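Taking it in order: structure first as structure tokens, then the write-up.
The values are calculated or read from the model by the stated rules, or taken from the named source; none is laboratory data. Keep in mind that what you see is a predicted model, and the values were worked out from it rather than measured. Positions of Cβ are backbone-derived with ideal geometry, glycine not excepted, and every protein chain shown enters the neighbour counts. To get the accessible areas, we keep the full protein, side chains included, count just its heavy atoms, and leave off ligands, DNA and RNA. Shrake-Rupley method; radii C 1.70, N 1.55, O 1.52, S 1.80 Å.
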Amino acid sequence: MHARFVVIGGGLSGLAAAVRLARFNENVLLLEQHSRVGGLNSYYYRNSRLIETGLHAITNYSERSQRHTPLNRLLRQLKIRREEVGIHQQLGSAVRFPQCTLRFSNDFGLLQEEIERCFGAQVDGFNRFVAHLDTINPFLATPFISARQVVSTYITDPLLVDMLLCPMCYYGSSIENDVDFHQYVILFRAIFQEGLFRPRATIREFLELLTDRFTAFGGTLRLKTGVKRIVTRNNAVAALELDNDEIITCEQVVSTIGLDETLRLLGETDHRPQRGQRLAFSESIFVVQAGVRQRVPDDTACLFFSAHHPFIYQRPTDAVDFRSGVISLPFNFNGLHGDRDTLEIRTTHLANYDLWREATTEPERYRRLKESSVKQSRQLAESLIGPFADLILFHDSFSPLTIERYTGKREGAIYGSPAKVKDGLIGYENLILAGTDQGYLGIIGALLSGVSMVNNHLLINHQPSPTRED
Amino acid sequence: MTRADITDLIVEIIADIDDEADFDNLDPEKPLRDQLDLDSMDFLDIVMELRKRYKIQIPEEDYPQLATLNSCATYLEPMLKDV
């Protein structure tokens, strides 16, 4: 088989890249190893109920009239109308540390008021910090800068520094106890200045929207099609060898499976200096009776918390670190889930991949570890949002191994390699990377990464004009 | 294609890219970017649509020549004369 363009990986960045390519080109092939698209943001069924794997909320909320915001640009680029997605704003979120709680919403003014209320002496520094962020172009390829250090030059209270770092870490940092400053700027805008929303339906309908767009533009999607090897000749990709030994020759490849995962298909390893270890997570999902609405806060969609200050964001020494995390209440969005008789509460914590791996040597031990983690996580969540144990119909959980098995993300590291390749180039003339390892984050980031890498490397004609010759 | 055909074509392409674009009072001498609030990604889509439909390759350095409806007509006229 021959394809002019092949996109490896049908996660959000792969779908976006594939839609852009197919919109303007013929013969575009999208390969996904699983039976479903979505990658980290997919879904499955348990007890006849659709459960999303990743989606808590989508960042970068903006009004329709703001044409140049990431959300609206992205929708235009993918030829998706806002009405097709159905955009429902959060009812609010919070960052909670033992000393205080900072609430925020899609109105940035709320966070500013909260900082004034809790950290009066820091208001001036915070405002200067926000003004500084406005001057930064975070999409330039630059070496690592510590966000913690930059924030600390404006804000002198270490508690506030931690509280402003915690959501950014949980929603996108692949490195320990810090965030790359440029990623921090992207996340700060995405979460605090723009805000959170959810689509009207589930991630399934959102994925169907992208898949339908791709196939309507003439693209071909092959599911259950894993790539075993990228065959190269003279620093260029010549073909892809699939898991079933089939060979696909191609002219251009976009790999969205991650840097390390792509290098592995090329038979290479990454020799560049690494910044710490890959960070893994565990997630528990509680399906609860709708009556839970009367028990838990009705104004919190995402609760980022740390039971300790200083905030610790690193590979834990235990299987799961319950001292910090995110609690997601996906029903706390304007106009969502009001008609449902069951709702979800989700919790996320940092996890230690090696300890989970070790536990798999005995299935019983792994099962017990999963159950005890769910229980501890639930108790912790109840201490923060109120009791709901008696309303649970069933629960499920993902360990770093579940994530690795279903998404191919090595060691279950959802935010990918600690080292990023921002321009998407790794030394092959017709191979580009898109996705997690370009430093774009979240669902909007993944989609934007697919769009920009294709735009910059495959659509824009950088050749000088031939007419200039005469 | 005549100059008028070309400006109609550009308007049609922009309408397809942005279904909320308002073409009333569009001045062919003034930048499209300002009048229709387009950005560089929208311009890329205009260029890509021209490539897809008419196999025209427009290099990035020539994008400024597509700034107004009239400059689009001037730039594209020789390329589209046989269409």
Report the accessible area of B:Glu60, computed with a 1.4 Å probe over the heavy atoms of all protein chains in place, in Å² rounded to the nearest 10. 70
With every protein chain kept in place and a 1.4 Å probe, the residues A:Glu404, A:Glu362 fall, from largest accessible area down, as A:Glu362, A:Glu404
Cross-link reach from B:Lys55 to lysines, straight Cα distance under 21 Å and at least 8 residues apart if same chain, gives B:Lys81
Roughly what % antiparallel, to the nearest 5, for the DSSP beta bridges in chain A? 70
Interface A-B: total buried accessible area (1.4 Å probe, Å², nearest 100) of 2200
Considering protein heavy atoms only and a 1.4 Å probe radius, which residues within the stretch A:445-460 exhibit an accessible-area decrease of no less than 30 Å² in the full assembly relative to the chain by itself? A:Leu459, A:Ile460
Nearest 20 debye, what's the magnitude of the dipole of the protein assembly as shown about its Cα centre given +1 on Lys and Arg Cβ and -1 on Asp and Glu Cβ? 1660
Looking at the calculated P(r) for the protein assembly as shown, what percent of the C-alpha pair distances fall above 34 Å? 42
Helix B:40-54 sits at what angle to the longest principal axis of chain B, using alpha carbons and giving 0 to 90 degrees rounded to 10? 40
Gap separating the Cα centres of the stretch B:1-64 and the stretch A:8-26, nearest whole Å: 23
Rounded to the nearest 10 Å², what accessible area does A:Arg204 show when all protein chains are kept and the probe is 1.4 Å? 70
Using θ = phi - 60° and Karplus 6.51 cos²θ - 1.76 cosθ + 1.60, couplings along the stretch A:100-114 (whole Hz; Gly, Pro as x): 5, 10, 10, 8, 9, 8, 7, 9, 4, x, 4, 5, 4, 5, 5
Taking a cut-off of 22 Å, what percent of all Cα-Cα pairs in the stretch A:103-194 are separated by more than that? 20
Taking each residue of A:79-86 in turn, how many C-beta atoms of other protein chains fall within 10 Å of its C-beta, and what is the average? 1
Name the residues of the stretch A:1-33 whose accessible area falls by at least 30 Å² when all protein chains are present instead of the chain alone, probe 1.4 Å? A:Arg23, A:Phe24
Extend 7 Å from the Cα of A:Asn234 along its Cα-to-C-beta direction; within the stretch A:412-426, residues with backbone N under 20 Å of that point are A:426
Only Lys, Arg (+1) and Asp, Glu (-1) charged, at Cβ; chain B dipole about Cα centre in debye: 560
What accessible area per residue comes out for the stretch A:1-65, rounded to a whole number of Å², with a 1.4 Å probe? 32
Return one whole number: the accessible area per residue of chain B in Å², for a 1.4 Å probe. 50
In chain B, which trypsin sites (Lys or Arg not before Pro) are in a loop and have at most 15 other Cβ atoms within 10 Å, using DSSP for the loop call? B:Lys55, B:Lys81
Amide H to amide H under 5 Å from A:Thr232: which residues, 5+ apart in sequence or cross-chain, H placed 1.01 Å off N in plane? A:Ala238
Protection proxy (average C-beta count within 10 Å per residue), highest first, orders A:65-72, A:259-266 as A:259-266, A:65-72
Please calculate how many Å² of accessible area the stretch A:280-407 carries per residue, with a 1.4 Å probe and no DNA, RNA or ligand atoms counted. 41
Protein accessible area in the protein assembly as shown, 1.4 Å probe - carbon and sulfur %: 48
Return the long-range amide H neighbours of A:Asp157 (sequence gap of 5 or more, or a different chain), with a cut-off of under 5 Å between placed amide H atoms. none
Using a loss threshold of 50 Å², tell me which positions in the stretch B:44-78 are less accessible in the complex than in their chain alone. Probe radius 1.4 Å, ligands and nucleic acids ignored. B:Leu44, B:Asp45, B:Met48, B:Arg51, B:Lys52, B:Pro59, B:Glu60, B:Glu61
Would you mind classifying the stretch B:3-80 by shape? Square roots of the alpha carbon gyration tensor eigenvalues, ordered a ≥ b ≥ c; an a/c under 1.5 is rounded, otherwise it is prolate if a/b is larger than b/c and oblate if not. rounded
Would you work out which of A:Ser65, A:Ala94, A:Leu31 lies farthest towards the positive end of the dipole of the stretch A:29-156? Charges go on Cβ: Lys and Arg +1, Asp and Glu -1. A:Leu31
All-pairs alpha carbon distance profile, the stretch A:280-407, 5 Å steps from 0, percent: 2, 11, 21, 22, 18, 14, 9, 3, 1, 0
For the stretch A:280-407 the mean separation of alpha carbon contacts under 8 Å (6+ apart) over residue count, i.e. relative contact order in percent, is 40
Specify the angular offset, from 0 to 90 degrees and rounded to the nearest 10, of the alpha carbon long axis of helix A:12-24 from the longest principal axis of the alpha carbons in chain A. 40
Out of A:Ile257, A:Phe126, A:Leu401 - ranked by how far each Cα lies towards the positive end of the dipole of the protein assembly as shown, with unit charges on the beta-carbon of charged residues - the top one is A:Leu401
Pairwise centroid distance, computed over Cα atoms, of the stretch A:347-364 with the stretch A:394-414, Å: 10
Can you give me the C-alpha center-to-center distance between the stretch A:432-459 and the stretch A:84-116, rounded to a whole angstrom? 27
Neighbour cut-off at most 13 other Cβ (10 Å), DSSP loop, chymotrypsin sites (Phe, Trp or Tyr not before Pro), the stretch A:263-366: none
Could you put A:Val123, A:Val85 in order of accessible surface area, largest first, with the 1.4 Å probe and the full protein assembly present? A:Val123, A:Val85
